[in-house]
Each structure stands twice: as structure tokens, then as C-alpha cells.
Amino acid sequence: MDDLNAILTPGMLVRHPGMPDWGVGQVQSNIGGKLTVNFREAGKIVIDSSRIGLLPVFDG
């Protein structure tokens, strides 16, 4: 999972595979395996990239 999350950069859109209700989130930062993502329905969430593989969104 780390490898996929390592490509996530600020501004990219993502979804959380286990939390579809959160909607699309925008990556705020990716520092030391901790991703800060601002989700439309859940607000700002910090995600441990060693435990959760976020899914990039390319269609908005």
C-alpha cells in the first residue's frame, strides 16, 4: 500500500476504499507516510498510509 500512496501529492483527488460515504477527498499533504486529506463529507482526516491504500480519482 505504501507504494501507491507514495505517488499521492497535494491537490490530487482520492477516495477511501472503506469509507465511500466520505466522498472524494483532496490530498493536503503526504509526509512520512501520513496523508492529510480533506474529504467533502468528512472534513480533514489524517490517514496512515501503511494501513490504508487510498484510491486516486481522475474524473472529479
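So the values come out like this:
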read-out: Cα pair distances exceeding 18 angstrom across the chain, given as percent; value: 19
read-out: With at most 13 other Cβ atoms within 10 Å, longest stretch of the chain clear of loop trypsin sites (Lys or Arg not before Pro) (DSSP); value: 1-39
read-out: Amide H within-cut-off set for Ser29, under 5 Å, with H built and near neighbours excluded; value: Thr36
read-out: In Hz, Karplus ³J(HN,Hα) per residue of region 45-54 (6.51, -1.76, 1.60; θ = phi - 60°; x = Gly, Pro); value: 10, 9, 10, 7, 5, 7, 10, 10, x, 6
read-out: Calculated [θ] (222 nm, deg cm²/dmol) that DSSP helices of n ≥ 4 give over the chain, each run adding -39,500 (n - 2.57); value: -1500 deg cm²/dmol
read-out: Relative contact order, percent, the chain [alpha-carbon distance under 8 Å, six or more residues apart]; value: 38
read-out: Summed residue charge, Cβ within 13 Å of Val37's Cβ, Lys/Arg positive, Asp/Glu negative; value: +2
read-out: Residue-span extension gain [Lys44 to Ile7] - 0.36 nm each, minus C-alpha spacing; value: 11.4 nm
read-out: Dipole magnitude of the chain about its Cα centre (Cβ charges: Lys, Arg +1; Asp, Glu -1), debye to nearest 20; value: 140
read-out: Amide H within-cut-off set for Val57, under 5 Å, with H built and near neighbours excluded; value: Leu13, Val14, Arg15
read-out: Positive-end residue, the chain charge dipole about Cα centroid, Cβ charges, pick of Gly43, Thr9, Gly25; value: Gly43
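Where a number appears in this text, it was derived from the coordinates with a stated rule and is not lab data. Computed from a predicted model, the values in this text were never measured in an experiment. We place every Cβ from the backbone using ideal geometry, glycine too, and count neighbours over all the protein chains shown.
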